[in-house]
Structure formats: structure tokens, C-alpha cells
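*Asks:* First the structure, then my questions, so here it is.
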Amino acid sequence: MRKRLTFLTLGLLCMLGSAAFAQTRYLDEVFPEVTITQNVKYGNNISVLTGAPVPIDLYMDVYEPEGDTLAERPLVLIATTGNFLPRIMTGGPKGTFRDSVPAELCIRLAKMGYVTASFYYRQGWNPISPDQNVRTATILQAAYRGIQDARNVVRFFHANVDTAGNDFRIDPTRIAIGGNGTGGYVALGTGYLNDFAEILLPKFFNFDLTPPQPYVDSTIHGNIWGTNTAFLNLPNYVGYSSDVNFVFNLGGAMGDSSWVNAGEPPSVSFHTPLDPFAPYKTGPVIVPTTGDFVIEATGSYDVTRKANELGNNQVFIDANLQDPFTMKANMLNDGYEGLFPFDRPFTPGDLPCGIPGISLALVPEGSPWDWWDEAAFVAAWDAVPGQTVPGIVANCNSKTSNPDMSATKGRTYIDTVMAYLAPRMVLALGIDTSASVSIDNHLLAQQLQLFPNPAASSFTVRITEGLNAIGDIQVLDITGRVVINRENLRVRETAIDLENLTPGLYFVRVRATDGAVTTRKIRKE
């Protein structure tokens, strides 16, 4: 079943088509409405959630900018959190591809001009087993299935472009994947698990067996792409690419730092250094409800460190971004471009649960961007027979690492995520935003000269022919921030001083005296 919904943001001024300088597509929200196509089937594969393996259909929701006329738009896939278990079963309120965070990320990115998709990936593992080998094996296998499903989504879109006329008008050469919490594991694995040998490290073996056996067996679970038939894998869209061009995560981790190799996609990571459930550097992953050890994993700090050392994030370094969000991140990230640590202070104490005499010990904050409908979760929890604690206590337990959780707080953190993420995603995907900064006037573009380019200390803007003159000039950095503004010039040639700007990529937006606008890129050396 496919259902189309429209979201309207009141008060958003879409300047496209006006005489004023417009906001920048892919850097700003320029579309006031988003259309959602719900329950798009992207595949069918084997689930172990109920114990016995059974094939299930896999679905996603696709978000598009309403009224967009571009034939191709970059695609961003979003994987949600949920501890690889369904809502309620995981002991908390999260675990669906329509949770608050994936939906918010998809809506915001679609308003910026992307096509986005929040997808369900197969769930199921055994966090309560007293056997550490069982916990480790089943969570690795769950992450492995999530990575296969994410790659299945990528292949679905490629196949749709090839055989169905590109229903969602995506650009198949520009595909990104991101995830929050558990979805961060899926996103990072999709970007970096590119050789089955990478999951044959000693820590991925059960040494209690003779001979030792790997926790993931490709003859049972299928290959890393999910494109062969195995006992627990069905192939979908074989022959199409499973690759992504950019990766980002809000929390989560990945199996090992050795998964990151030179030439792999750039990455951006958001993480709280004191995250109690997923390591910021390299360390243990624990079961949130029991505190039991599961596996040693590599978190955002070490992922980004490797991406910097190997040159994968060089495109960000070369851009030399200087916006306030970058400068804030650089105060905390030890110089590793692409890492934004959210420095949340931890004040130990107890969280009252709303029931006299019941409170829970707080733990350091792990996901300040998260929120949920508390009343709906409590009601859903209490509706399940056999619960040993009331819903209000389950809700309280879910807030121990986010005690001041609210929609306002979560959206405020996502404001920061978007501001730091957007320019880097543009750079990583190689998007030419100059074509979407404004309604480009091709005649003015033909008449306009910009030289020298690259420029050291200054450059010249010249209109070479016609009756027009230069009216206004703005120089913008990659984030869309105006760094130079010259108005009411009424000249055919003028020099722009760049002495006060740091080296990097900029946009020069010129408006002629007749109102025509065009934009060019320039690089300061």
C-alpha cells in the first residue's frame, strides 16, 4: 500500500523565483512542503525475529520536496535506532522507521531538496542470554542483516532508475546513508564493510568451540552485499550497485576501525563522548537494560580519525569551513574534520518515575537529539499482557540517558546536526550548489567574467557586453553564509578583496541592474 502525505511548514519563506537573493538548495530548507510515499516495498528477505526463519516483505517511506521540477536529486537513506529489536520488545519507545528522529531527518533533508528514505531493516537478537557468545553472535548477525538490507535499498533505487523510469527522480551517482543509534551501526557498516575478511578478525570468532567458529558465516547469512541465496538470505536486485558515496551517524559504532580503508566514502559523525551504550572511541558495547558486555566496537572518534588519516575526509579539510558550527566542533574534536562531539555534562543522580518510591539511577547522556511521545509509549507498553513493570517506569528507564528529553530539545540538536552536516554532504557528493543558489540568468552568465580563479588576495568581476551593469555582489562560503556584501555598485567592472577570508571554496552571486542573477564558484588559495 502506498499512501502520499504532505507536510507544510508555516512561515518558511521560499525565495526561489523572487528578485531577492534566494537561499541555497541542499544547504537551506527551500521547499515548504514534503510529499511522503509510505510503505514502498523494497525487497523480501528472511527474518529471525520470531525464532523460526520466515520470509518477510521490507518497506520504507520515501520523502520528496513538493513541487520540485529537477529530473534528478541526490538520495539520502536513513536507518533508525532501536537496539535491533521492535518497539516495546527492546524495552523502550524506539524501533520503527517512523520514529521521531528518522522522520525529522527525512523531512528536513527533503525540504533542502534531497530525496530521502527511512527504511525498515530486519531485527532480532538475544540481548538477555547469559552466554556472551550468544549475545555477541546474535548482535553481529543482526547488524549484518541491517547492512544487507541497506544495500538492498540502494539496489532497489538503481533498479527503479533502470527499469521503472526512475519513479522518485533520484541521481543514482549521489547516494548517502545515515543513521541514529543502532542505525548508526547500519550506516557505518554499509559504508565500510566491503570485504568479508573484515569480519573474520579474532574478536568475531567463538573460541569456546573446537575448532573456533566465526559468529557470521556467509554460507548461512549470505555475502556482505546480500546478493546470493543462503539459508538466512534471499537476493534482491542482483547486478545493481550496492555502493554509497557518503556516510553519517548520530551515535552508534562499527565492528572495527580496520573496516575504514583509503578511498572509501567520506564520513561525518555526531556523538556524545560519555555515551554509555556505544563507545565514542573504541570500547565495549553493552546491553542497555542489563549492562552485560556484547562486543568491542569502534565509535565516532576513531572512525573519523581513520577517515582523516587516510584522506577520505580530505574534501572537507580542503574546503576549510569556518562557520560557527565548524568552529564549535573544532574546539572539541582534536582536529579531526567531520567529527562533532556533543559535550553533555553528566550529573549523577536519580530520575523520579512519577510513582512514589520509584526512581532510577541516571547514566551519562547518549542521544540528546532523541524524543518520543511519552503518553503514547506508556499506553502501548501497558497494553501488552504480562508486563512486569508499569509503562511509566519503562518510560522513565528510557529517559535515564536523556532525562530532559523533549521534542524542543531534540529538534534543537538536529538544528546543529543539519548545520554541520549539510555543507559536508554537498562536498562529499560533489553537488554543484551554485546552480541552485538562485534562478540563474543564462544571458548574464555569458556576459560575466570572474578572474583570476583561483585567486590569492582579490579577483575582478566584469560584465563584458550588453547594456547591463553590476548592481550587487555577494560572496558566500560553502554553508551559504554571506561573507562579503557589496550593494548598489552600478559599474561594469570591480575588484573584490579576499584578504580577510580563509583559503577555500566560495560562491560569488552577482545581480545586475536589471535584476538578473547568476552565481559562480571561486577558490581562494
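The values are calculated or read from the model by the stated rules, or taken from the named source; none is laboratory data. Note that the structure is predicted; figures quoted are calculated from it, not measured. Glycine also receives a Cβ, built like all others from the backbone with ideal geometry; neighbour counts cover every protein chain displayed. Keep in mind that these areas ignore ligands, DNA and RNA; they rest on the heavy atoms of the full protein, side chains included. Shrake-Rupley method; radii C 1.70, N 1.55, O 1.52, S 1.80 Å.
*Asks:* Return yes when Val426 is touching a residue at least 24 places away in the same chain (Cβ under 8 Å), open to solvent by 30 Å² or more (accessible area, probe 1.4 Å) and among the β-branched types (Val, Ile, Thr) and no when it is not.
*Replies:* When the stated conditions are applied, Val426 does not pass them.
*Asks:* Oh, and also: Considering only region 201-244, how many residues are open to solvent by less than 80 Å² (accessible area, probe 1.4 Å), in contact with a Lys or Arg (Cβ under 9 Å, 6 or more places away or on another chain) and under 18 Å from Leu188 (Cα atoms)?
*Replies:* Going through region 201-244 one residue at a time, the tally reaches 6.
*Asks:* Filter region 246-284 down to the residues that are open to solvent by less than 20 Å² (accessible area, probe 1.4 Å) and farther than 24 Å from Ala422 by Cα and list them by number.
*Replies:* Gly255, Trp259, Ala278, Pro279, Gly283
*Asks:* I want to confirm something. Restricting to region 160-171 and keeping residues that are open to solvent by 30 Å² or more (accessible area, probe 1.4 Å) and in contact (Cβ under 8 Å) with a residue 60 or more places away in the chain, which single residue is farthest from Glu64 (Cα to Cα)? Full working, then the answer.
*Replies:* Within region 160-171, the subset open to solvent by 30 Å² or more (accessible area, probe 1.4 Å) is 161-165, 167, 169.
Pick out the ones that are also in contact (Cβ under 8 Å) with a residue 60 or more places away in the chain and you get 162, 169.
On the way: Asp162: 20, Arg169: 9 Å.
The qualifying residue farthest from Glu64 (Cα to Cα) is Asp162.
*Asks:* Scan region 142-155 and tell me whether some residue there is touching a helix residue (DSSP H, G or I) at 6+ places or on another chain (Cβ under 7 Å), more than 17 Å from Gly255 (Cα to Cα) and open to solvent by less than 20 Å² (accessible area, probe 1.4 Å).
*Replies:* In the first step, residues of region 142-155 are kept if they are touching a helix residue (DSSP H, G or I) at 6+ places or on another chain (Cβ under 7 Å); the result is 143-144, 146-147, 150-151.
Among the residues that remain, those that are also more than 17 Å from Gly255 (Cα to Cα) are: 151.
Then keep just the ones that are open to solvent by less than 20 Å² (accessible area, probe 1.4 Å); that gives 151.
Checked against the condition, which is being touching a helix residue (DSSP H, G or I) at 6+ places or on another chain (Cβ under 7 Å), more than 17 Å from Gly255 (Cα to Cα) and open to solvent by less than 20 Å² (accessible area, probe 1.4 Å), region 142-155 yields at least one hit.
*Asks:* Here's a follow-up. Going through Thr219, Thr289 one at a time, which residue ends up being at pLDDT 95 or above, not in a strand (DSSP E or B) and not basic (Lys, Arg)?
*Replies:* After ruling out the rest, the residue left standing is Thr219.
*Asks:* Of the numbered conditions (1) under 30 Å from Leu70 (Cβ atoms); (2) open to solvent by 10 Å² or more (accessible area, probe 1.4 Å); (3) acidic (Asp, Glu); (4) outside any loop (DSSP other than H, G, I, E, B), Glu198 fails exactly one; give the number of that condition.
*Replies:* Single failed check for Glu198: (1).
*Asks:* Under the condition of being assigned to a loop (DSSP other than H, G, I, E, B) and crowded, with 18+ Cβ neighbours inside 10 Å, which residue from region 474-500 is modelled with the highest pLDDT?
*Replies:* Leu498
*Asks:* Do we have any residue at all in region 89-102 that's out of contact with any Cys (no Cβ under 7 Å at 6 or more places or on another chain), open to solvent by less than 10 Å² (accessible area, probe 1.4 Å), at pLDDT 95 or above and closer than 28 Å to Ser242 by Cβ?
*Replies:* yes
*Asks:* Quick one: which strands (runs of 3 or more DSSP E) lie wholly within region 320-367 and hold at least 3 residues that are surrounded by fewer than 21 Cβ atoms within 10 Å (Cβ to Cβ)?
*Replies:* On the way: elements: 339-341, 350-352, 359-361.
In region 320-367, the matching strands (runs of 3 or more DSSP E) lie at 350-352, 359-361.
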